[in-house]
1. Take the conditions more than 11 Å from the ligand (Cβ to nearest atom), at pLDDT 95 or above, over 15 Å from the mean Cα position of the chain (by Cα) and surrounded by 19 or more Cβ atoms within 10 Å (Cβ to Cβ) and apply them to LEU211. Does it pass?
2. Residues that are open to solvent by 30 Å² or more (accessible area, probe 1.4 Å) and in a loop (DSSP other than H, G, I, E, B): does the range 92-103 have at least one?
3. Looking at the range 105-144 only, could you name the residues that are open to solvent by less than 40 Å² (accessible area, probe 1.4 Å) and either assigned to a loop (DSSP other than H, G, I, E, B) or of a type in the set (Phe, Trp, Tyr) (or both)?
4. Take the range 220-241 and flag every residue that is in a loop (DSSP other than H, G, I, E, B), more than 12 Å from VAL7 (Cβ to Cβ) and more than 11 Å from the ligand (Cβ to nearest atom).
5. Output yes when any residue across the range 157-178 is without any contact (Cβ under 8 Å) to a residue 12 or more places away in the chain, farther than 23 Å from VAL95 by Cβ, surrounded by fewer than 15 Cβ atoms within 10 Å (Cβ to Cβ) and out of contact with any strand residue (DSSP E or B) (no Cβ under 9 Å at 6 or more places or on another chain), and no when none is.
6. Residues SER55, SER22: which one is among the small types (Gly, Ala, Ser), more than 20 Å from ILE236 (Cβ to Cβ) and outside any loop (DSSP other than H, G, I, E, B)?
Amino acid sequence: MNRRAIVAANWKMNGSLALVNSMVSELNNVTLNENVEVVVCPSFPYLAAFSIASSNVNLPTAFSLGAQNLSEHAKGAFTGEVSTSMLQEFGVNYVIVGHSERRSIYKETSTLVAQKIKAALAAGLQPILCIGESEDERVAEQTNVVLAAQLQPVIDEIGIEKFADVVVAYEPVWAIGTGKTASPEMAQTTHQFIREFIAKIDESVAVKVPLLYGGSVNATNCEELFAQADIDGGLIGGASLKAEEFKIICSAAKG
Ligand code: PGA
């Protein structure tokens, strides 16, 4: 079976209206392999602009819009939060959940991450669940333990059948924004662990779930990373802000 591949752009707290408009017109002429989807995740205020700009140029359906976060609540007195229905009104299909910056800076626990994944799925949004170990955890050979502890609460919360609609992004924390990338072999070994972890619970779900790699992916290293058997695309930070480089990464993905 050919799994779908995804290249997702995580703009973090970067970008501008000008970048939204230029990126949409640049993406309109990128060539994608079959079964590849591109998801752009700008900050909340730019979602509407991205949605309008992409319908103006008739961006192909392989391109989708994603948010970087969401509330686990449906509505109410939660100042500063954004709900699933608000995201959907602006054409959002994907949402990044549990990015390591949210876990470390904003103290999001795996329990909260699981609740957010549940809220996203209940609304029909596809969550991109981020997991990854710190440098100390890798050195202490705790990588698999950490990843299992990040995956299990989500599986417990939503059930394994619904996990088939989750996209997992493995992002070693030490590789994010540092220029240090996991070697393709190291990334593949970890992705294989993640797939086997899911397969032990349900093999049919494990073969379906796209596993993205993230952490200093760029135009030079993307091809080798994406060639690995269990790497189904990437979650791209810094390099997704530069249209020329991002287009190369998008074209390198294979479904
Ligand atoms: P990076 O970020 O590509 O700049 O390392 C990836 C991410 O944090 O999603």
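The values are calculated or read from the model by the stated rules, or taken from the named source; none is laboratory data. Every value quoted in this text rests on a predicted model; they were computed, and no experiment measured them. Cβ: placed from backbone, ideal geometry, glycine included. Neighbour counts: every protein chain shown. We work out accessible area using only protein heavy atoms, side chains counted, and drop any ligands, DNA or RNA first. Shrake-Rupley method; radii C 1.70, N 1.55, O 1.52, S 1.80 Å.
1. no
2. no
3. GLU108, ALA123, LEU125, GLY132, GLU133, SER134
4. THR220, ALA227, GLN228, ALA229, ASP230 - these are the residues of the range 220-241 that are in a loop (DSSP other than H, G, I, E, B), more than 12 Å from VAL7 (Cβ to Cβ) and more than 11 Å from the ligand (Cβ to nearest atom).
5. Checking the range 157-178: not a single residue is without any contact (Cβ under 8 Å) to a residue 12 or more places away in the chain, farther than 23 Å from VAL95 by Cβ, surrounded by fewer than 15 Cβ atoms within 10 Å (Cβ to Cβ) and out of contact with any strand residue (DSSP E or B) (no Cβ under 9 Å at 6 or more places or on another chain).
6. On the way: SER22 fails: more than 20 Å from ILE236 (Cβ to Cβ).
Of SER55, SER22, the one residue that is among the small types (Gly, Ala, Ser), more than 20 Å from ILE236 (Cβ to Cβ) and outside any loop (DSSP other than H, G, I, E, B) is SER55.
Each row is one residue, and each column tells you yes or no for (1) under 15 Å from LYS116 (Cβ atoms); (2) at pLDDT 95 or above.
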{"residue": "SER43", "(1), (2)": "no, yes"}
{"residue": "TYR46", "(1), (2)": "no, yes"}
{"residue": "ALA53", "(1), (2)": "no, yes"}
{"residue": "THR61", "(1), (2)": "no, no"}
{"residue": "ALA67", "(1), (2)": "yes, yes"}
{"residue": "LEU70", "(1), (2)": "yes, yes"}
{"residue": "THR79", "(1), (2)": "no, yes"}
{"residue": "THR84", "(1), (2)": "yes, yes"}
